[in-house]
């Protein structure tokens with residue numbers, strides 16, 4: 001298992017140096033509702049957050065779908081962190097191991113170009129997650 005995770009991490013690092021101009025954008029909307037009971041009156045506030053991430057173009061449709069789905073997951077996670085939605089964060093945190101397994105299994109099917117591009121892109125997404133967590 002450690003070798004698989006380390007291989008995936010190495011693949012991510014390899015992709016960090018690639019730049020692909022063929023890309024598409026994935027937009028995720030997250031809605032957070034807050035209820036305040038100040039002064040005995042309930043007030044409901046709804047906040048909608050939209051995140052847009054540019055997904056690079058991969059040569060394999062399977063890898064492209066994985067990248068699109070993972071981007072949506074990361075955008076949801078970042079939106080939950082920024083919105084302070086603890087319930088959503090717990091739900092998404094439980095899916096992180098599932099995503100690690102999916103990406104590690106898919107890495108064996110990547111072409112060398114896809115491997116490099118995926119590593120770069122995964123590093124970018126990891127930076128977004130850590131950036132949201134530190135704010």
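The values are calculated or read from the model by the stated rules, or taken from the named source; none is laboratory data. All values derive from a computational prediction rather than experimental measurement. Every residue, glycine among them, receives a Cβ derived from its backbone with ideal geometry; neighbour counts consider all protein chains shown.
May I ask you to verify whether residue 88 is in a loop (DSSP other than H, G, I, E, B) and farther than 15 Å from residue 68 by Cα? In short, no. On the given criteria, is residue 119 in a helix (DSSP H, G or I), under 18 Å from the mean Cα position of the chain (by Cα) and modelled with pLDDT under 50? No: the conditions fail for residue 119.
In the condition set (1) over 16 Å from residue 129 (Cβ atoms); (2) outside any loop (DSSP other than H, G, I, E, B), residue 110 is compliant with all but (2).
Checking each residue in the range 61-78 for being surrounded by fewer than 18 Cβ atoms within 10 Å (Cβ to Cβ) and either over 11 Å from the mean Cα position of the chain (by Cα) or over 23 Å from residue 131 (Cα atoms) (or both) picks out 61, 62, 64, 65. Here residue 30 meets the list (1) modelled with pLDDT under 50; (2) out of contact with any strand residue (DSSP E or B) (no Cβ under 7 Å at 6 or more places or on another chain); (3) surrounded by 19 or more Cβ atoms within 10 Å (Cβ to Cβ) almost entirely, failing just condition (2). On the stretch given as the range 97-110, residues that are in contact (Cβ under 8 Å) with a residue 12 or more places away in the chain and either surrounded by 13 or more Cβ atoms within 10 Å (Cβ to Cβ) or more than 20 Å from residue 57 (Cβ to Cβ) (or both) total 8.
Residue check: is residue 81 out of contact with any strand residue (DSSP E or B) (no Cβ under 7 Å at 6 or more places or on another chain), over 19 Å from residue 130 (Cα atoms), touching a residue at least 40 places away in the same chain (Cβ under 8 Å) and part of a helix (DSSP H, G or I)? Criteria not met by residue 81. One residue is enough: does the range 46-60 have a residue meeting the conditions in a helix (DSSP H, G or I), surrounded by fewer than 17 Cβ atoms within 10 Å (Cβ to Cβ) and either at pLDDT below 90 or touching a helix residue (DSSP H, G or I) at 6+ places or on another chain (Cβ under 7 Å) (or both)? No, the range 46-60 contains no residue that is in a helix (DSSP H, G or I), surrounded by fewer than 17 Cβ atoms within 10 Å (Cβ to Cβ) and either at pLDDT below 90 or touching a helix residue (DSSP H, G or I) at 6+ places or on another chain (Cβ under 7 Å) (or both).
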